[in-house]
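First up is the structure itself, then whatever we jot down about it.
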Amino acid sequence: MYYAGIDVSKYKHDCFIQTNFGDVINAGFSFANTAQGFGLLQAELEKYGTGNIRIGLEATGNYGINLKLFLEKIGFDFMEINPLLISKHIRSNTLRKTKTDKLDARAIADYVASKEYRQHPTAFYPRFALKQLTRLRSSLVKGRSRYLIQLTNVLDCIFPEFKSLFNNKFSVTALYILANYPSPDAIANMNSRSYDILRRKSRGHFSMDKFIRLKSLAKDTVGVFSECHRIELETLLNLHSQIDAKIEELEIRITEIITELNPPTLSIKGIGAVSAAIIVSEFGDFSRFDSPNKMLSFAGLEPGHFQSGTTEYKGRMVKRGSSHLRNALMNCARAIRLHNETFAVYFRKKMAEGKPYDVATSHVAKKLVRLIYALETKGIMFDPEALR
């Protein structure tokens, strides 16, 4: 058996090939991140045959995606490795601090030869696409929140009483009012036709009493409206509207992909399409986890553990790994209690033990991860009657 290690970088990659006995077959060669460079790699790999060589490369995000797709296309499987594991492997074999791309490639080949080979799943692109799209959505959601904060700052100057009528939230109705009646004077002069539109926008929740109170507050506001405030308000509302539309487009595409994949995680009531997409794409290949505890560690949900001599204690959640994944699991843990009695009882049990709300929720998230591990590794859909 032959073992190839590929050190991935932005413009070129380095490859080293050895046997399982450590005999060097190819002492290392570089190939460009181009079609010609990939052709050189293909010519070298085909000397050994698709079933006789195991390939390892570090998980390097965008830099390695084209290479992974190319290897899959030409029929070679590969193993993706956490760079931290390679770094620890190098330190365990030498005290020298010499580091080059060719040495890293050799270390990767040696790591693959010495560890259990876990082939990266084929047709991984849909999950990669989900990861990219869900992370982009998360970034846009944060941007939308920043615009709303800026919008609040402007309102504090021109009409500070406005948000008190909407429970300090920017509802669809509130945003419509600001977009069409940007000044306190315009709001104070709204008529019955304006109310009919607002009532329809709010689906009947915006009452006549609230309409009259809003006009009264606008008439007597302590805020000051000027041209610069109008420009700020208009700009922020336009940006918010644009980013909101893009988030909706992304959510539609994410839902299409995750529905087509139809993973067992999606069958759990309380986990929506977007949340399921985040969980599935961030965890990736579930078969690489030997136990649910390793999934908890990957998500950063496990508690810190310290032991020295006679002193031993468990600390707070370590919060390592993907924050997108961790936030999605915590949000799902809050939602699943509303749909499943077992999780609701478990949450109340933790609260009765004196756990704070967030800590009790984190315990529910851990139980949820154990459920996801069982479903995904066994390839079965969720059955609430079988849950214990």
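The values are calculated or read from the model by the stated rules, or taken from the named source; none is laboratory data. From a predicted model like this one, the values you see are computed outputs, not experimental measurements. Every residue, glycine among them, receives a Cβ derived from its backbone with ideal geometry; neighbour counts consider all protein chains shown. Surface areas here come from the heavy atoms of the whole protein model, side chains and all, with no ligands, DNA or RNA. Shrake-Rupley method; radii C 1.70, N 1.55, O 1.52, S 1.80 Å.
Against the condition open to solvent by 40 Å² or more (accessible area, probe 1.4 Å), more than 30 Å from Leu130 (Cα to Cα) and out of contact with any helix residue (DSSP H, G or I) (no Cβ under 6 Å at 6 or more places or on another chain), how does Asn153 come out, does it pass? Reasoning before the result, please.
Details: open to solvent by 40 Å² or more (accessible area, probe 1.4 Å): yes; more than 30 Å from Leu130 (Cα to Cα): yes; out of contact with any helix residue (DSSP H, G or I) (no Cβ under 6 Å at 6 or more places or on another chain): yes.
Judged against the criteria, Asn153 is a match.
Scanning the stretch 268-287 for residues that are outside any loop (DSSP other than H, G, I, E, B) and farther than 17 Å from Leu130 by Cβ yields one hit, Ser287.
Which of the residues spanning the stretch 27-46 are closer than 16 Å to Asp7 by Cβ and either out of contact with any Leu (no Cβ under 6 Å at 6 or more places or on another chain) or at pLDDT below 90 (or both)? Across the stretch 27-46, the qualifying residues are Ala27, Gly28, Phe29, Ser30, Ala32, Asn33, Gly37, Phe38, Leu40, Leu41, Glu44, Leu45. Of all the criteria given as (1) farther than 22 Å from Val224 by Cα; (2) out of contact with any Asp or Glu (no Cβ under 7 Å at 6 or more places or on another chain); (3) in contact (Cβ under 8 Å) with a residue 40 or more places away in the chain, the one not satisfied by Arg144 is (2).
Could you list, in sequence order, the residues of the stretch 338-355 that are assigned to a loop (DSSP other than H, G, I, E, B) and either within 21 Å of Gly272 (Cβ to Cβ) or charged (D, E, K, R) (or both)?
Selection gives Leu338, His339, Asn340, Glu353, Lys355.
Taken over the stretch 47-60, the criterion of being at pLDDT below 90 and among the β-branched types (Val, Ile, Thr) is satisfied by Thr50, Thr60.
For the stretch 164-204, the tally of residues that are more than 34 Å from the chain's Cα centre (by Cα) and not in a helix (DSSP H, G or I) stands at 7.
Please go through the stretch 80-111 and pick out each residue that is open to solvent by 20 Å² or more (accessible area, probe 1.4 Å) and either within 16 Å of Tyr2 (Cβ to Cβ) or of a type in the set (A, V, I, L, M, F, W, C) (or both). Lay out the reasoning, then the answer.
Our first condition is that a residue be open to solvent by 20 Å² or more (accessible area, probe 1.4 Å); within the stretch 80-111, this holds for 80, 82-85, 87-103, 106, 110-111.
Once the filter is applied, which keeps residues that are open to solvent by 20 Å² or more (accessible area, probe 1.4 Å) and either within 16 Å of Tyr2 (Cβ to Cβ) or of a type in the set (A, V, I, L, M, F, W, C) (or both), the stretch 80-111 yields Leu84, Leu85, Ile90, Leu95, Leu103, Arg106, Asp110, Tyr111.
Annotation: Thr60 fulfils all but one of (1) free of Cβ contacts under 8 Å to residues at least 60 places away in the same chain; (2) out of contact with any Ser or Thr (no Cβ under 9 Å at 6 or more places or on another chain); (3) not charged (D, E, K, R); the unmet one is (2). Select from the stretch 219-243 the residues that are of a type in the set (D, E, K, R) and surrounded by 15 or more Cβ atoms within 10 Å (Cβ to Cβ) and list them in ascending order. Of everything in the stretch 219-243, just one residue is of a type in the set (D, E, K, R) and surrounded by 15 or more Cβ atoms within 10 Å (Cβ to Cβ), namely Glu232.
Return the only residue of Phe206, Phe162 being in contact with a Leu (Cβ under 7 Å, 6 or more places away or on another chain) and free of Cβ contacts under 8 Å to residues at least 40 places away in the same chain.
Phe206
Does the stretch 244-293 hold any residues that are under 14 Å from the mean Cα position of the chain (by Cα), acidic (Asp, Glu) and open to solvent by 20 Å² or more (accessible area, probe 1.4 Å), and which are they? If the condition is that a residue be under 14 Å from the mean Cα position of the chain (by Cα), acidic (Asp, Glu) and open to solvent by 20 Å² or more (accessible area, probe 1.4 Å), then Glu251 is the only one that fits.
For the condition surrounded by 14 or more Cβ atoms within 10 Å (Cβ to Cβ) and either among the polar types (S, T, N, Q) or in contact (Cβ under 8 Å) with a residue 24 or more places away in the chain (or both), Ala174 does not qualify.
Could you list all residues from the stretch 294-340 that are modelled with pLDDT of 90 or more, open to solvent by 60 Å² or more (accessible area, probe 1.4 Å) and among the polar types (S, T, N, Q)? The answer is Asn327, Asn331.
On the basis of being in contact (Cβ under 8 Å) with a residue 12 or more places away in the chain, among the basic types (Lys, Arg) and more than 17 Å from Glu116 (Cα to Cα), does Lys68 make the cut? Answer is yes for this residue. Residues of the stretch 46-62 that are out of contact with any helix residue (DSSP H, G or I) (no Cβ under 9 Å at 6 or more places or on another chain) and either at positive phi or buried (at least 21 other Cβ atoms within 10 Å of the Cβ) (or both): Gly49, Gly61. So, of the residues in the stretch 341-388 that are of a type in the set (Ser, Thr, Tyr) and open to solvent by 60 Å² or more (accessible area, probe 1.4 Å), which turns out to be farthest from Phe289 (Cα to Cα)? My answer is Tyr357.
Among the residues of the stretch 63-73, is any outside any helix (DSSP H, G or I) and surrounded by fewer than 16 Cβ atoms within 10 Å (Cβ to Cβ)? The answer is no; no qualifying residue exists.
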